[in-house]
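These notes are about the structure you will find just below.
Just so it is clear, none of the values below were taken in a lab; they were calculated from the coordinates. As the structure is a prediction and not an experimental result, all values here were calculated from the model. Note: ideal-geometry Cβ built from the backbone for every residue, glycine included; neighbour counts use all protein chains shown.
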Amino acid sequence: VFALGDYYVVGLDHKPGESGDLDSLLTSARNSRYGLVLFAIYLAVYTGYVWLSAFRPDLAEATPVAGVNVAVLYGFGLIVAAFVLALLYGWLCRKPVHVDGPGQEDAA
Amino acid sequence: VIYETSSLAIGVFAVIVGITLGLSFYLGSRAKSSQGFFAAGGGIHWFVNGVAFAGDYLSAASFLGICGMIAFYGYDGFLYSIGYLAGWVVALFVIAEPMKRLGKYTLADALDSRFQSRGIKLAVAISTLAVSIFYLIPQMVGAGVLITPLFNFPHYVGVILVGAVVTIIVVTAGMVSTTYVQFIKGSLLVVFSAVLTVMILYRGLSENSKWEKPAHVRTWDMSSSVSIAGLDIDEQRRVARNRLYEQFAPERESDYTLVPPTGDWSSDENKSFIRLQDRESGLISTWYELPPLEGQTELLLVSAQTVAKLPDGRKSVNGLPQGRNEGETDLWPVGRVYDLPGDAKKTGPLGPLAFLRTIQQSEIVTWGKQTIKDDDGTVTDVYYPKITSGRDLMRPGNHPAFQGIRSPKLADKLNFLSLMLALFCGTASLPHILIRYYTVKDQTAARKSTIVGIGSIGFFYVLTLFIGLGAMTSGALDVTNNNMAAPLLAKSFNEWLFAIISAIAFTTVLGTVSGLIIASSGAVVHDLLASFFKLEMHDHGKVRIAKIVSAVVGVIAIVLGIVFEKMNVTYLVGWAFSVAASANLPSLVMLLFWKRTTKQGITAAVTVGMVSSLAWILLSADTFKDVYGYTAEAAAQASLVPFSQPGIVTIPLGFVVLIVVSLLTPSGVAKQGVAE
């Protein structure tokens with residue numbers, strides 16, 4: 001039922017015909033795939049943080065590095081991770097897809 | 001606390017307002033079409049849009065609220081920082097590019113892109129308005145709350161001033177000027193928060209004296225005054241306390257006499273609060289008996305601060321009328337380190353990690369609040385100092401709203417889990433944020449601007465922890481007003497910084513409110529009038545109506561800001577997140593990833609998500625307490641829902657409704673090849 005792998009992209013599926021449509025459709029589908037993977041990674045890290053805060057106060061209080069506790073380190077980690085994953089996503093999506101091979105000279 | 005008017009702050013603010021208004025008039029010609037008015041013609045550079053995201057998103061609640069919460073309760077405010085930022089990940093990875101691809105001016109555009117359904121337009125327009133109004137009220141009230149101490153104007157002047165400036169900005173150049181106001185505000189906020197943080201770290205931490213004044217503490221040595229043989233520590237304290245009271249008996253020649261506890265002062269929960277009357281002046285002071293530290297053999301009484309509402313409506317502060325003249329007094333500023341690690345009295349400049357570590361290993365004086373009612377109808381807010389370990393302050397669960405974290409019961413933890421879910425899902429569902437995606441050229445620009453947004457917002461949220469903890473130890477806090485923590489911290493450095501931070505706080509309101517007005521105006525004109533009621537309009541007429549609607553929304557915002565003055569409204573931002581996440585997120589996600597989503601499914605999910613989350617909030621214990629004015633116990637009894645944050649129930653509910661209704665109405669699936 002979930003049809004992401006079949007290049008199901010809302011908003012492009014009803015405008016067939018024009019050249020370049022297929023490219024942008026493929027680009028959107030690829031970006032969306034990358035996005036979901038990175039989203040899943042972040043969701044896992046975020047869930048870990050919420051779980052730690054709610055259920056393992058003993059762990060959150062431990063001070064493994066530089067005398068700063070896990071709650072603070074993990075919090076900073078989440079903020080930094082968001083930015084790093086965002087940059088990674090931007091880098092992965094930097095070139096549009098081309099039907100005859102992804103992004104050769106057409107770096108936008 | 002009575003604040004001095006800062007002409008410097010007024011000046012800085014006037015300059016910022018002048019620049020933004022000038023810019024608005026200059027840019028006015030670019031907003032003559034509806035594409036220009038609602039979406040800035042799609043011509044905003046991605047970097048500008050990215051910083052504008054920060055300016056749009058970092059509301060007064062983010063800046064003043066989070067810093068204040070950290071300053072008074074430690075880590076808990078930072079939970080909001082993390083939740084608010086994490087939501088951007090959803091925006092970038094899931095929502096940003098499709099949003100740009102699908103829509104034109106409003107959130108309803110995107111959700112309705114495949115269907116042309118009036119039902120969707122109506123439901124989404126209403127949810128947009130509901131969310132925007134909830135978001136708007138705290139911003140407007142915040143403007144008034146800020147202006148009262150800073151500029152010494154009455155509350156309504158602040159609200160009207162902000163409302164008028166914002167309305168002019170929006171009416172002259174719509175999304176174009178809104179974008180630049182948000183860009184200016186976002187840059188200023190991030191840059192000066194960084195400056196403030198550097199100054200905090202450079203100043204380091206110091207333990208000048210343990211209490212504000214030596215006269216604020218009295219000790220009695222228990223071991224010498226009490227025969228303690230065979231008594232446990234609680235019993236020792238009871239005996240010591242009785243001995244202490246005997247000293248203050250009227251027949252003794254002590255400098256103070258004990259005021260006999262009446263009303264709620266005599267209740268068990270308030271037995272640590274003691275009122276003493278100065279024999280000479282007759283002034284009554286309130287004292288708090290500190291819980292014993294480990295190995296302590298002294299009974300420690302410390303000065304509390306009081307704000308009392310007398311039965312005749314007068315107000316008294318620390319036993320006297322509030323003022324600066326003879327016979328008047330004011331609250332004293334608080335917030336200090338009680339004990340630094342080791343023997344050091346002063347740390348000197350600290351690195352960021354060393355700063356956090358030092359706080360972690362110190363003892364800090366934080367202030368609690370207890371409201372006590374007397375028999376004669378006097379209601380006294382007692383603010384009392386507590387010695388709190390840094391270790392405790394640097395972990396979640398100190399703030400009343402987060403105490404459930406430390407409870408062993410799962411139901412108490414659910415409230416926290418629910419909030420963190422709503423924050424995570426809420427950002428990417430806020431209409432005034434999502435419409436920013438229409439201001440850029442294409443999906444690539446939408447993606448890049450989100451990355452810039454995450455960078456600047458994330459950086460700012462890292463700084464909130466330092467600013468909050470810096471304020472906590474600045475010696476400049478006002479016990480009655482959490483929201484002033486950041487400006488007062490700036491004041492502890494110098495007047496200029498205070499003026500700039502205050503002016504930025506005020507500008508913060510401008511940026512967010514202008515975004516909300518545009519979102520509301522788009523929902524009314526584009527979704528309701530043009531699409532739902534099918535009103536025929538030329539493009540030009542549409543812009544004219546949009547401007548009128550913006551002005552009307554501006555006036556409504558002003559009225560709400562004045563009406564809600566007395567209410568504690570910061571939690572309304574939390575409502576907005578919960579309602580937005582419950583109403584909009586299920587539809588956005590399912591539309592993108594499930595082919596069999598139908599228009600009936602989306603309409604039902606938006607409606608059910610909005611109504612259920614709203615109903616849940618209105619029936620929750622928090623609302624009974626904060627809005628309807630119940631006491632904590634009465635609120636807990638009256639509430640009809642097990643915990644206050646709806647997200648963990650109503651967000652999944654939205655998904656379930658969408659799936660069930662879509663499966664029941666297969667005819668509503670969008671047909672391939674439907675023309676725009």
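The table below gives the values:
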read-out	value
In range of the label at residue B:156: residues from the stretch B:542-566 whose backbone nitrogen is under 17 Å from the point 7 Å along Cα→Cβ	B:555-566
Spatial separation of Cα centroids for the stretch B:595-611 and the stretch B:350-429, in angstrom	38 Å
Rg and Dmax [Cα atoms of the stretch B:14-72; Å; Rg one decimal, Dmax integer]	15.5, 48
Computed Rg/Rh of the protein assembly as shown, alpha carbon atoms with Kirkwood Rh	1.01
Average beta carbon contacts from partner chains per residue of A:54-67, 10 Å cutoff	4
Sorted by Cβ neighbour density within 10 Å, fewest at the top, the residues B:412, A:58, B:56	A:58, B:412, B:56
Mean Cα-pair separation over length for chain B, i.e. relative contact order, pairs under 8 Å, 6 or more apart, %	27 percent
Too-long pairs where the Cα-Cα distance tops 24 Å, listed order kept, from B:121/B:448; B:448/B:534; B:441/B:599; B:121/B:185; B:32/B:599; B:373/B:625	B:121/B:448; B:448/B:534; B:441/B:599; B:121/B:185; B:32/B:599
Averaged over B:356-363, number of beta-carbon atoms from partner chains that fall within 10 Å	3
Cβ-placed point charges (K, R +1; D, E -1), dipole of the stretch B:340-437 about Cα centre in debye, nearest 20	540 debye
Cα-centre dipole for the protein assembly as shown with unit charges at Cβ (Lys and Arg positive, Asp and Glu negative), debye to 20	2380 debye
Compactness of the stretch B:507-610, expressed as Rg and Dmax over alpha-carbon positions, Å	16.7, 48
Highest to lowest packing among B:543-551, B:477-485, scored as the average C-beta count within 10 Å	B:477-485, B:543-551
Stokes-Einstein translational diffusion, the stretch B:144-185 - Kirkwood Rh over all Cα pairs, 0.692 mPa s, 37 °C, in µm²/s	297 µm²/s
Dimensions (Å) - the stretch B:468-552, Cα atoms, principal axes, largest first	61, 22, 17
Charge tally in the Cβ shell below 12 Å around residue A:91, where Lys, Arg are +1 and Asp, Glu are -1, residue A:91 excluded	+4
Rg/Rh ratio calculated on Cα atoms of the stretch B:110-186 (Kirkwood radius)	1.12
Scaled radius of gyration (Cα, divided by 2.2 N^0.38 Å) that chain B gives	1.04
Proportion of all alpha-carbon pairs of the stretch B:344-430 beyond 19 Å (%)	64 percent
Rough spin-label spacing in nm, given labels placed 7 Å along Cα→Cβ, for residue B:632 and residue B:251	4.0 nm
Shape parameters for the stretch B:55-111, alpha-carbon atoms, Rg then Dmax in Å	15.2, 44
For the stretch B:452-460, 3J(HN,Hα) per residue [Karplus equation, 6.51 cos²θ - 1.76 cosθ + 1.60, θ = phi - 60°, Hz, x = Gly/Pro]	4, x, 4, x, 6, 5, x, 4, 4
Residues B:3, B:461, sorted so that the one with the fewest Cβ neighbours within 10 Å comes first	B:3, B:461
Segments B:65-73, B:609-617 sorted - mean Cβ within 10 Å per residue, highest first	B:65-73, B:609-617
Nearest-20 debye value, chain B charge dipole, Cβ charges on Lys, Arg, Asp, Glu	3140 debye
Mean Cβ count within 10 Å, highest first, over the residues of peptides B:17-23, B:508-514	B:508-514, B:17-23
Peptide A:70-82, shielding by other chains (average Cβ, 10 Å cutoff)	6
Computed P(r) (all Cα pairs; the stretch B:541-676; 5 Å bins; percent)	2, 10, 14, 14, 13, 14, 13, 10, 6, 3, 1, 0
In order through the stretch B:58-63: 3J(HN,Hα) via Karplus (6.51 cos²θ - 1.76 cosθ + 1.60), integer Hz, x for Gly, Pro	7, 7, 4, 5, 5, 6
Residues B:366, B:197, B:631 arranged by fewest to most Cβ contacts within 10 Å	B:631, B:197, B:366
In sequence order, calculated HN-Hα J values of the stretch B:436-450 (Karplus, 6.51, -1.76, 1.60; Hz; x Gly/Pro)	4, 5, 7, 8, 10, 5, 8, 5, 4, 5, 4, 5, 4, 5, 5
Kirkwood Rh in Å, taken over all unlike Cα pairs in the stretch B:578-651	13.2 Å
